[in-house]
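Student: I'd like to ask you about the structure that follows.
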Amino acid sequence: MVQAVQGAKVVVTGAGGGIGAALARRFAAQGARVVVNDLDAARAKAVAEEIGGHAVAGDASSIVDEARDALGGTVDVWCANAGVGRDGGEPGEPLREEDWALSWDVNVMAHVRAAHALLPEWLERGSGRFVSTVSAAGLLTMIGTAPYSVTKHGAYAFAEWLSLTYRHRGVRVHAICPQGVRTDMLDASGSAGDLVLKPTAIEPDDVADALFDGIEQDRFLILPHPEVAEYYRARATDPERWLGGMNRVQRQWESTR
Ligand SMILES: NC(=O)c1ccc[n+]([C@@H]2O[C@H](COP(=O)([O-])OP(=O)(O)OC[C@H]3O[C@@H](n4cnc5c(N)ncnc54)[C@H](O)[C@@H]3O)[C@@H](O)[C@H]2O)c1
């Protein structure tokens, strides 16, 4: 059992399936009380029933009060996990403003809104934990989807900012940055996902393992694919070379379409 999590009151957004459901199951197995949120009420209910948790259906941005009430008035851990992948429109097509707006709203602003609502309580108590399911795309990029790449960089930047601003006041932040994970989102990622994500895809439970190792070791950056650390270093230290390499992947993808 992970001491920091036993008896904790936990909310996981987008937990009706995929990574969120795996996180919800793992928190419950570690003795936490869990609110399972999803836009899809039936999926949230099914996971909540399975783990003895509480389902709160609705948009991740608007459920803080209801989730807090369901947990008896306090939240110890918020997992900002709900996310969307949209491509934003090909050149020559109209720009899909709605894809960009949804990506900002779910992938970034839902995190900002939750943190804003929870921080007063956490700072007063001197404890709280914010878990952000970002993506390796938040450190690197994702071929074929500018809205996902840009907003996941935003989610990472926000998690980083939260961590450095509040760590001395008892707030712990974890940014989970996996590459491919076998979920509905990966299945929907098309030929780009087939090329760059599926060959090294892992299971949602592997992501939960990595998060719990990170909680035990009190680490901010959680890399379920450890090789991402090397790609991140390469991007930072030699951006020209990194861009050239990624453009080769882009051209490889174009040749398969
Ligand atoms: N699957 C991957 O390869 C992968 C890799 C890196 C990061 N991620 C990230 O992991 C997170 C979870 O993705 P997943 O792969 O488990 O996807 P998934 O599609 O299996 O699950 C996402 C869940 O979020 C729910 N959801 C969507 N918008 C919501 C909203 N506004 N409010 C509440 N719930 C909402 C969906 O109904 C769905 O049940 C996302 O943030 C995603 O970007 C996924």
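Student: Please go through (1) away from the ligand (no atom under 12 Å from the Cβ); (2) at pLDDT 95 or above for Leu211 and return the number of the only condition it doesn't satisfy.
Tutor: Among (1) away from the ligand (no atom under 12 Å from the Cβ); (2) at pLDDT 95 or above, the lone unmet condition for Leu211 is (1).
Student: Among the listed residues Gln179, Gln250, identify the single one that is part of a loop (DSSP other than H, G, I, E, B) and either of a type in the set (S, T, N, Q) or touching a strand residue (DSSP E or B) at 6+ places or on another chain (Cβ under 7 Å) (or both).
Tutor: Result: Gln179 is the single residue among Gln179, Gln250 that is part of a loop (DSSP other than H, G, I, E, B) and either of a type in the set (S, T, N, Q) or touching a strand residue (DSSP E or B) at 6+ places or on another chain (Cβ under 7 Å) (or both).
Student: Has region 237-252 got at least one residue that is touching a residue at least 40 places away in the same chain (Cβ under 8 Å) and among the acidic types (Asp, Glu)?
Tutor: No: region 237-252 contains no residue that is touching a residue at least 40 places away in the same chain (Cβ under 8 Å) and among the acidic types (Asp, Glu).
Table: residues versus (1) away from the ligand (no atom under 12 Å from the Cβ); (2) at pLDDT 95 or above; (3) within 30 Å of Gly126 (Cα to Cα).
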{"residue": "Leu139", "(1), (2), (3)": "no, yes, yes"}
{"residue": "Ser149", "(1), (2), (3)": "no, yes, no"}
{"residue": "Leu164", "(1), (2), (3)": "yes, yes, yes"}
{"residue": "Val171", "(1), (2), (3)": "yes, yes, yes"}
{"residue": "Pro178", "(1), (2), (3)": "no, yes, yes"}
{"residue": "Val207", "(1), (2), (3)": "no, yes, yes"}
{"residue": "Leu221", "(1), (2), (3)": "yes, yes, yes"}
{"residue": "Pro239", "(1), (2), (3)": "yes, yes, no"}
{"residue": "Trp242", "(1), (2), (3)": "yes, yes, no"}
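Student: Also, I was wondering about something else. State whether one or more residues within region 225-234 are under 28 Å from Asp184 (Cβ atoms), loosely packed, with under 12 Cβ neighbours inside 10 Å and not hydrophobic (A, V, I, L, M, F, W, C).
Tutor: Yes, because at least one residue in region 225-234 is under 28 Å from Asp184 (Cβ atoms), loosely packed, with under 12 Cβ neighbours inside 10 Å and not hydrophobic (A, V, I, L, M, F, W, C).
Student: How many residues, within region 84-112, are among the small types (Gly, Ala, Ser) and surrounded by fewer than 18 Cβ atoms within 10 Å (Cβ to Cβ)?
Tutor: Summing the residues that are among the small types (Gly, Ala, Ser) and surrounded by fewer than 18 Cβ atoms within 10 Å (Cβ to Cβ) in region 84-112 gives 3.
So that you can scan it fast, the table gives a plain yes or no per residue for (1) in contact with a helix residue (DSSP H, G or I) (Cβ under 7 Å, 6 or more places away or on another chain); (2) among the β-branched types (Val, Ile, Thr):
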residue	(1), (2)
Gln6	no, no
Val12	yes, yes
Ala22	yes, no
Gln30	no, no
Val56	yes, yes
Ala60	yes, no
Asn81	yes, no
Asp87	yes, no
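Student: Can you find, within region 199-208, the residue that is nearest to the chain's Cα centre (by Cα) among those that are in a helix (DSSP H, G or I) and farther than 15 Å from Ala28 by Cβ?
Tutor: Step by step, filter region 199-208, then rank; the result is Val207.
The values are calculated or read from the model by the stated rules, or taken from the named source; none is laboratory data. Quick caveat, the model's predicted, so the values are computed rather than measured. Heads up, the Cβs are rebuilt from the backbone with ideal geometry, glycines too, and the neighbour counts pull from every protein chain shown.
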